[in-house]
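The values are calculated or read from the model by the stated rules, or taken from the named source; none is laboratory data. The model shown is predicted, which means the values in this text are computed figures rather than measured ones. When we count neighbours, we look across all protein chains shown, and the Cβ atoms used for this are built from the backbone with ideal geometry, even at glycine. Ligands, DNA and RNA are excluded from the accessible area calculation, which covers all protein heavy atoms including side chains. Shrake-Rupley method; radii C 1.70, N 1.55, O 1.52, S 1.80 Å.
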Amino acid sequence: MSVVVSVAVGGAFGAISRYGLDRVVEQRTESSFPWSTFVINVSGCLLVGFLIAAIVDRRSAPEWLRAGLVVGFCGGYTTFSTFGQETLDLIEEGRLAVAVTYAVASVAIGVAAVFAGSRLGRVL
């Protein structure tokens, strides 16, 4: 199977899984806390950590499967998992200052970008 096709198929299944889990969690909670996004982000981080350790680092699976699961499925499910993995990689490389800067800047600038985008969207 082509890597591009496996990423596309994995992404489709990841997005469908995210939607399905979001609906399940939303139907079962009545809190102002965004539980569905929280559950999706944390479970995506758990899954990407497992997949990286189990099949990517060991190269025990073909490239199309590794890319389809990590980039495709996990990327379609949540890109927060990639953010978590990249931050962990920086920490494990001993680049703690870069990891903290990346984490804080990603969250702060991400929220600011959403704010700017919402303002722009209201104007247009």
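Computed packing ranks the peptides 74-85, 34-45, 109-120, 13-24 as 74-85, 34-45, 13-24, 109-120, most packed first, by mean other Cβ atoms within 10 Å. Summarising the label geometry, the points placed 7 Å from Cα in the beta-carbon direction at Asp89 and Trp35 lie 3.4 nm from one another. What range in the chain is the longest one free of GluC sites (Glu not before Pro) that are in a loop by DSSP and have at most 11 other Cβ atoms within 10 angstrom? That would be 31-92.
Remark: the chain carries 66 Å² of accessible area per residue (probe radius 1.4 Å; ligands, DNA and RNA excluded). Working from label points 7 Å from Cα in the Cα-to-Cβ sense, the Ala116 to Arg23 distance is 3.6 nm. Shape class for region 1-56: oblate, because the ratio a/c of the largest to smallest gyration tensor axis (alpha-carbon atoms, square roots of eigenvalues) is 1.5 or more and b/c is at least a/b. Note on the chain: along the principal axes its Cα atoms extend 48, 38, 32 Å, ordered by decreasing extent.
I'd like the projected area of region 59-124, averaged over all directions, using the convex hull of its alpha carbons. Report it in nm² with one decimal. Averaging across all directions leaves 6.2 nm² for the Cα convex hull.
Rolling a 1.4 angstrom probe over region 1-62 with all protein chains present gives an accessible area of which 66% lies on carbon and sulfur atoms. Between Ile16 and Ser60, the C-beta separation translates, for a Förster distance of 22 Å, into a calculated FRET efficiency of about 0.25.
Compared with the direct C-alpha span, the chain from Val3 to Ser43 gains 12.0 nm at full extension, assuming 0.36 nm per residue.
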